[in-house]
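Asker: Dropping a structure here in structure tokens format, bear with me for questions.
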Amino acid sequence: MTGRDPGFGVYVHWPFCAAKCPYCDFNSHVRHRPVDQERFARAFDTELKTMRARTGPREVTSIFLGGGTPSLMRPETVASVLDSVAKHWTVPDGIEITLEANPSSVEAERFRGYRAAGVNRVSLGVQALNDTDLRFLGRLHNVSEALHAIELARQILPRLSFDLIYARPGQTPEAWSAELEQAIGRAADHLSLYQLTIEEGTRFHTLYAAGKFEIPDGDHAAELYAVTQEVTAARGLPAYEISNHAKPGAESRHNLTYWRYGEYVGVGPGAHGRFIENGRRVVTIAEKMPETWANLVEAKGHGITGGEILTRSEEADEFLLMGLRLAEGIDLARYEQLSGRPLSSPRMSILQGEGLVAPVGNSRLRATPSGMIVLDAVVADLAR
């Protein structure tokens, strides 16, 4: 990938899952009857049409089908959604089109259908490469099924990424290093490596509060993070963002749109969007309950129930928060353009002296590896 144009992405949220993972706080729902996929495909098309009226003609740089579990969609449904995006905006040939998938064998066999529909990148929710931890994480697949899905995806799709969760109960740096080596041996060019966090409203939050399990403390988690950086960098997949690692040129184009503070439309239950409308950056937030969202779309053309117009200060704060997640850091001139003022030189100097930020030439600022670990505090200090 060349340049730093943040782009214009389209995010489509498929909210259904076969089971709710105990760590997950995403907008996902289990249904014990078949989902009316035709109805949701029509609703996606309707909401996309409404969004097109708000954004005007644009050239799409990436499409991301997330969830939930988008690999529960039939290939025909995926094709319908992608056709809808192309009907409403310009979609150049060869742009990145990602679909999130679970590695169960039934879903993996659909990969050929997704490829025919236009998907050229799959993101697999593997999460662990040992069966004990997969059971702890509530995953429905085992390691054998995960490895089969990885191999199948590599055969059929031009690009592949998969996720792992670390800082799991009892996980040692040595065990994580070995698991990482195994993952890198299977990966094509991209890995997403997330630290286990306990989110409010999840089953893990209840169990953790009741003392049913422990996770590594801050120092131990920091050691696991350091192992992550060392092993991936040594194997040619350095971090380009706090939790994402890729061979140069294989970064996720869609996710870079978020982190580089580009524009994106979000459609589907619970989806968020951020795009320029009438010269201002607007936020859209859709109704979370799938059936309620579909009812709203059918009644008034969209399921948006919340949102706001951001102030310059809010835009600048978001730009800092997103951009400093990236190894490339932020463009200081763009921050000044958004906020109307430069970053405070004294604060930058203090943080630089503490080894938390570093200049990149004369025009950019990045967080150091030490700064990445305490990024929220770094951003809060810079934004004051």
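The values are calculated or read from the model by the stated rules, or taken from the named source; none is laboratory data. Computed from a predicted model, the values in this text were never measured in an experiment. All Cβ positions, glycine included, derive from the backbone under ideal geometry; neighbour counts span all protein chains shown. Ligands, DNA and RNA are stripped out before the accessible areas are found, and what is left, the full protein with its side chains, is counted by its heavy atoms. Shrake-Rupley method; radii C 1.70, N 1.55, O 1.52, S 1.80 Å.
Asker: Just wondering, is there one or more residues in region 102-109 that are surrounded by fewer than 20 Cβ atoms within 10 Å (Cβ to Cβ), in a helix (DSSP H, G or I), modelled with pLDDT of 95 or more and small (Gly, Ala, Ser)? Before the answer, list the steps.
Answerer: At the first step, the residues of region 102-109 found to be surrounded by fewer than 20 Cβ atoms within 10 Å (Cβ to Cβ) are 105-106, 109.
Still in the running and in a helix (DSSP H, G or I): 105-106.
Narrowing the set further to residues that are modelled with pLDDT of 95 or more leaves none.
Within region 102-109 (the criterion being surrounded by fewer than 20 Cβ atoms within 10 Å (Cβ to Cβ), in a helix (DSSP H, G or I), modelled with pLDDT of 95 or more and small (Gly, Ala, Ser)), the answer is no, since none of the residues qualifies.
Asker: Restricting the search to region 357-384, which residues are open to solvent by 30 Å² or more (accessible area, probe 1.4 Å), outside any helix (DSSP H, G or I) and among the aliphatic types (A, V, I, L, M)?
Answerer: Within region 357-384, 360, 374 qualify.
Asker: Now, a different point. Residue 257 versus (1) at pLDDT 95 or above; (2) assigned to a helix (DSSP H, G or I); (3) open to solvent by 10 Å² or more (accessible area, probe 1.4 Å): which is the lone unmet condition?
Answerer: (3)
Asker: Does residue 249 satisfy the condition of being exposed (fewer than 14 other Cβ atoms within 10 Å of the Cβ) and under 26 Å from residue 152 (Cβ atoms)?
Answerer: Details: exposed (fewer than 14 other Cβ atoms within 10 Å of the Cβ): yes; under 26 Å from residue 152 (Cβ atoms): yes.
So residue 249 passes the test.
Residue-by-condition table, conditions (1) open to solvent by less than 20 Å² (accessible area, probe 1.4 Å); (2) part of a helix (DSSP H, G or I); (3) in contact (Cβ under 8 Å) with a residue 40 or more places away in the chain:
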site: 116; (1), (2), (3): no, yes, yes
site: 124; (1), (2), (3): yes, no, no
site: 139; (1), (2), (3): no, no, yes
site: 150; (1), (2), (3): yes, yes, yes
site: 153; (1), (2), (3): yes, yes, yes
site: 165; (1), (2), (3): yes, no, yes
site: 175; (1), (2), (3): no, yes, no
site: 179; (1), (2), (3): yes, yes, yes
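Asker: Then there's this: Residues in region 42-76 that are part of a helix (DSSP H, G or I), open to solvent by less than 10 Å² (accessible area, probe 1.4 Å) and free of Cβ contacts under 8 Å to residues at least 60 places away in the same chain: how many? It would help to see each step written out before you state the result.
Answerer: Of the residues in region 42-76, the ones part of a helix (DSSP H, G or I) are 42-55, 70-72, 75-76.
Filter once more, keeping what is open to solvent by less than 10 Å² (accessible area, probe 1.4 Å): 43-44, 47-48, 51, 70-71.
Narrowing further to those that are free of Cβ contacts under 8 Å to residues at least 60 places away in the same chain: 70-71.
Summing the residues that are part of a helix (DSSP H, G or I), open to solvent by less than 10 Å² (accessible area, probe 1.4 Å) and free of Cβ contacts under 8 Å to residues at least 60 places away in the same chain in region 42-76 gives 2.
Asker: Looking at region 80-91, can you tell me whether even one residue there is touching a Cys at 6+ places or on another chain (Cβ under 7 Å) and either touching a residue at least 24 places away in the same chain (Cβ under 8 Å) or in a helix (DSSP H, G or I) (or both)? I'd like the intermediate steps shown before the answer.
Answerer: Restricting attention to region 80-91, the residues satisfying the condition of being touching a Cys at 6+ places or on another chain (Cβ under 7 Å) are none.
The answer is no, given that none of the residues of region 80-91 is touching a Cys at 6+ places or on another chain (Cβ under 7 Å) and either touching a residue at least 24 places away in the same chain (Cβ under 8 Å) or in a helix (DSSP H, G or I) (or both).
Asker: When the residues of region 126-137 are filtered to those that are among the polar types (S, T, N, Q) and more than 23 Å from the chain's Cα centre (by Cα), which remaining residue is least open to solvent (accessible area, probe 1.4 Å)?
Answerer: Within region 126-137, the first condition is being among the polar types (S, T, N, Q), and the residues that meet it are 127, 130, 132.
Filter again for more than 23 Å from the chain's Cα centre (by Cα), leaving 130, 132.
Details: 130: 52, 132: 90 Å².
Residue satisfying both the conditions and the ranking: 130.
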